[in-house]
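The structure under discussion appears below in the form of structure tokens.
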Amino acid sequence: MLGLMQSHPLMISSLLEFAARYHGDTPIVSRRVEGDVHRTTYAEALGRAKRVARALDALGLAAHERVGTLAWNGYRHFELYYGVSGSQRILHTLNPRLHPDQIAWIVNHAEDRALCFDLSFAPIIMAIAGRCPQVKHWIALCDADAIPPALAQAVPGVHSYEALLAAQTDDYDWPVFDENTGSSLCYTSGTTGNPKGVLYSHRSTVLHAYAAALPDVMNLSARDSVLPVVPMFHVNAWGIPYAAALTGAKLVFPGPALDGKSLFELMQAEGVTLAAGVPTVWLGLLNFMRDNALRLPTLQRTVIGGAAAPASMIRAFEEELGIHVLHAWGMTETSPLGALCSLKNKHLAMDRASQFAIQVKQGRPIFGVEVRVVDGNGVELPWDGKSAGNLLVRGPWIASDYFRNDGPSPLRDGWFPTGDVATVDADGYIQITDRTKDVIKSGGEWISSIELENIAMAHPGVAMAACIARPDPKWDERPLLVVVKREGSTLDRDELLRFYDGKVAKWMIPDDVVFVPSIPLGATGKILKNQLRQQFSAGKAQPGA
Ligand code: ADP
């Protein structure tokens, strides 16, 4: 027997309609490529998103066609999120930090019909336009008179976004269709093999937005002012542009200025209560605030994810700055929120050290995401906080396949293998010990590179640390620590290795330390371990320098 409830499909457009109706005057603040700070509201954003939909109609884009974006976090990108998906086209966010060859490959694979870009990325557009013949419309996210002559010459017929919108009205009714329709597309950075496209649906996006807003997740409300440092081209800025509209939270977009000083000033000026980003970005902010003895009294919490948040960073935020850290785990294929670390009632009476020991974990799965940890034979491991195995997930916002996938299905018996190695404890808290490809296999045992990095990062002389496997004739692999020293530090190899005494078993202590001026970061701000492995494979290292 069916229930007797109305059947309304979950539509992305309804999120913005809701925000405009009930939070119409709530600000959306953006630092722009133009250099200034721009202010708009949910009500105005709705009108402009409708103009986007009409402009795409006028350009002849059909339903389901892909509209690429190469853009920073800002109000125009936000309008495209809704105008493109809401009108049943597919928003394809591209990562501008990739090499132009890779961007061209992804644009062609996705068969983008239009591509909208911030002017900072004009050089990329000029490099790829000739190689992407199926893109019919190149749209610069600026006024008509701001289009540089060189761009107009290199890309004949390039449109001005503002001119396209000015030619339209906001008289538009959002179409209503099957909630399982594709809404947005994001390619994984593809550290191995070609990038793979993850195609989200209206249903998965709206359910994920509900989940993101929950108290034990981001705890979003109409009283928040939210700054996603995480780019809108990196898994939809972790869903914040949708979850903020769902709750009516104020949005603050940092544009291209992601250094500690710029972030601090924007957060202070806009009373930001919640910010979200990868650990490497937070290092910049932490250092700036420390060096200048600054505080952000409004900032209550930061979501840190995308890579392991070092224990030292969690402590610094909490103890030095009074900002609560929410450690989160997810991936492009999981929309991305899979687990988030918040304490339970029974943890509240614990001392801070015990609470920190929980906070370094990646947290409990959010309702809607089921997890399993299995060994190499697919046998489920106990949830004892010790048994490490491959992490599998499933749920309504987990990918079922890749876009235009010619290969086999990524699923195993309906579960998505994450490529992460994890433990789960009796309370369901996940701890990621490694990515499968980064784990260090020494004498038949696995050493967690994340654990060794965490310890190094806790040393006051260390600014950044990465631990990689170095081939070893006796043990197969041994850990090598690659370290960027804090400015002015006199730290040496022996002192750092002694720092491990008593913190891990002796055989887990890295064999050696290499000090480097910088560590290479990938397009999403994560350490490029494969590059480090190439650079420091046996024989090439200059240890202890
Ligand atoms: P890519 O896989 O291309 O790097 P993703 O953004 O999808 O891009 O990365 C997902 C991966 O990032 C996860 O599989 C996991 O290895 C890592 N990751 C994400 N969050 C965390 C976290 N809090 N701690 C440790 N690793 C994390």
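The values are calculated or read from the model by the stated rules, or taken from the named source; none is laboratory data. Predicted, not measured: the structure shown is a model, and the values here were computed from it. Here the Cβ positions follow ideal geometry from the backbone for every residue, glycine too, while neighbour counts run over all protein chains shown. Note: areas computed on protein heavy atoms with side chains; ligands, DNA, RNA excluded. Shrake-Rupley method; radii C 1.70, N 1.55, O 1.52, S 1.80 Å.
With respect to His234, is the statement that it is under 30 Å from Ala62 (Cα atoms), touching a residue at least 40 places away in the same chain (Cβ under 8 Å) and within 16 Å of the ligand (Cβ to nearest atom) true? Taking the combined requirement at face value, the residue satisfies it. Residue-level check: of (1) touching a residue at least 24 places away in the same chain (Cβ under 8 Å); (2) open to solvent by 20 Å² or more (accessible area, probe 1.4 Å); (3) more than 16 Å from the ligand (Cβ to nearest atom), Ser225 misses just (2). For first residues located in region 511-527 and on the phi > 0 side of the Ramachandran plot and open to solvent by 20 Å² or more (accessible area, probe 1.4 Å), partners that are within 16 Å of the ligand (Cβ to nearest atom) and modelled with pLDDT under 85 and lie 6+ apart or on another chain with Cβ distances below 9 Å do not occur. Checking each residue in region 478-493 for being surrounded by fewer than 16 Cβ atoms within 10 Å (Cβ to Cβ), over 12 Å from His459 (Cβ atoms) and touching a strand residue (DSSP E or B) at 6+ places or on another chain (Cβ under 9 Å) picks out only Glu487.
Please work out if Ser189 is in contact (Cβ under 8 Å) with a residue 12 or more places away in the chain, more than 12 Å from the ligand (Cβ to nearest atom) and surrounded by fewer than 21 Cβ atoms within 10 Å (Cβ to Cβ).
On the way: in contact (Cβ under 8 Å) with a residue 12 or more places away in the chain: yes; more than 12 Å from the ligand (Cβ to nearest atom): no; surrounded by fewer than 21 Cβ atoms within 10 Å (Cβ to Cβ): yes.
Here the answer is no, as Ser189 does not meet what is asked.
Sort out for me the strands (runs of 3 or more DSSP E) sitting completely within region 166-244 that have 1 or more residues that are over 24 Å from Ile527 (Cβ atoms) and in the same structural domain as Trp105 (by TED's automatic domain parsing). First the steps, then the outcome.
Working: elements: 182-187, 197-201, 225-228.
Of the strands (runs of 3 or more DSSP E) lying wholly inside region 166-244, those with at least 1 residues that are over 24 Å from Ile527 (Cβ atoms) and in the same structural domain as Trp105 (by TED's automatic domain parsing) span 182-187, 197-201.
The number of residues in region 81-100 that are in a helix (DSSP H, G or I) and open to solvent by less than 10 Å² (accessible area, probe 1.4 Å) comes to 6. If the condition is being at pLDDT below 95 and among the hydroxyl-bearing types (Ser, Thr, Tyr), then region 289-312 contributes only Ser312.
Residues in region 524-545 that are at pLDDT below 85 and within 16 Å of the ligand (Cβ to nearest atom): Thr524, Gly525.
On inspection, Leu343 fails the criterion of being crowded, with 20+ Cβ neighbours inside 10 Å, under 25 Å from the mean Cα position of the chain (by Cα) and within 26 Å of Trp238 (Cβ to Cβ). Kindly evaluate Asp170 against the criterion of being more than 30 Å from Gly330 (Cβ to Cβ) and away from the ligand (no atom under 16 Å from the Cβ). So Asp170 passes the test. Among the conditions (1) more than 20 Å from Leu15 (Cα to Cα); (2) open to solvent by 10 Å² or more (accessible area, probe 1.4 Å), Asn219 misses just one, which is (1).
Do the conditions hold for Ser354, that is, is it away from the ligand (no atom under 14 Å from the Cβ) and not aliphatic (A, V, I, L, M)? Against the criterion (away from the ligand (no atom under 14 Å from the Cβ) and not aliphatic (A, V, I, L, M)), Ser354 qualifies.
Please go through region 382-398 and give me each residue that is farther than 30 Å from Asn180 by Cα and either open to solvent by 40 Å² or more (accessible area, probe 1.4 Å) or in contact (Cβ under 8 Å) with a residue 40 or more places away in the chain (or both), ordered by number.
Across region 382-398, the qualifying residues are Pro382, Trp383, Asp384, Gly385, Lys386, Ala388.
Of the residues making up region 302-351, just one is of a type in the set (D, E, K, R), free of Cβ contacts under 8 Å to residues at least 12 places away in the same chain and either part of a loop (DSSP other than H, G, I, E, B) or near the ligand (Cβ under 7 Å from one of its atoms) (or both), namely Asp351.
Of the residues Glu65, Glu34, the single one that is out of contact with any His (no Cβ under 9 Å at 6 or more places or on another chain), closer than 26 Å to Leu207 by Cα and acidic (Asp, Glu) is Glu65. The condition of being buried (at least 24 other Cβ atoms within 10 Å of the Cβ), within 27 Å of the chain's Cα centre (by Cα) and either not in a loop (DSSP other than H, G, I, E, B) or not hydrophobic (A, V, I, L, M, F, W, C) (or both) holds for only one of Phe18, Phe78, that being Phe78.
Going by what's in this entry, would Gly68 be described as part of a strand (DSSP E or B) and touching a residue at least 40 places away in the same chain (Cβ under 8 Å)? I'd like the intermediate steps shown before the answer.
Values: part of a strand (DSSP E or B): yes; touching a residue at least 40 places away in the same chain (Cβ under 8 Å): yes.
Judged against the criteria, Gly68 is a match.
Checking Val514, Val504, Val462 one by one, the residue that is within 28 Å of the chain's Cα centre (by Cα), away from the ligand (no atom under 15 Å from the Cβ), among the hydrophobic types (A, V, I, L, M, F, W, C) and not assigned by TED's automatic domain parsing to the domain that holds His99 is Val462 and no other. Taken across region 101-119, residues that are of a type in the set (Asp, Glu) and either over 25 Å from Ser13 (Cβ atoms) or assigned to a helix (DSSP H, G or I) (or both) do occur, with at least one present. Summed over region 420-454, residues that are under 13 Å from Trp329 (Cβ atoms), of a type in the set (Ser, Thr, Tyr) and either more than 12 Å from the ligand (Cβ to nearest atom) or not in a strand (DSSP E or B) (or both) total 2.
Given the residues Arg66, Arg39, which is the only one that is buried (at least 24 other Cβ atoms within 10 Å of the Cβ) and farther than 30 Å from Pro520 by Cβ? If you could, list the steps in order and put the result at the bottom.
Values: Arg39 fails: buried (at least 24 other Cβ atoms within 10 Å of the Cβ).
So the residue among Arg66, Arg39 that is buried (at least 24 other Cβ atoms within 10 Å of the Cβ) and farther than 30 Å from Pro520 by Cβ is Arg66.
Quick check on Ala209: is it in contact (Cβ under 8 Å) with a residue 60 or more places away in the chain and on the phi < 0 side of the Ramachandran plot? So Ala209 passes the test.
Which residue out of Gly255, Gly271 is part of a loop (DSSP other than H, G, I, E, B) and either within 16 Å of the ligand (Cβ to nearest atom) or over 22 Å from the mean Cα position of the chain (by Cα) (or both)? Give the steps one after another, and end with the answer.
On the way: Gly255 fails: either within 16 Å of the ligand (Cβ to nearest atom) or over 22 Å from the mean Cα position of the chain (by Cα) (or both).
None of the other options fit; the residue is Gly271.
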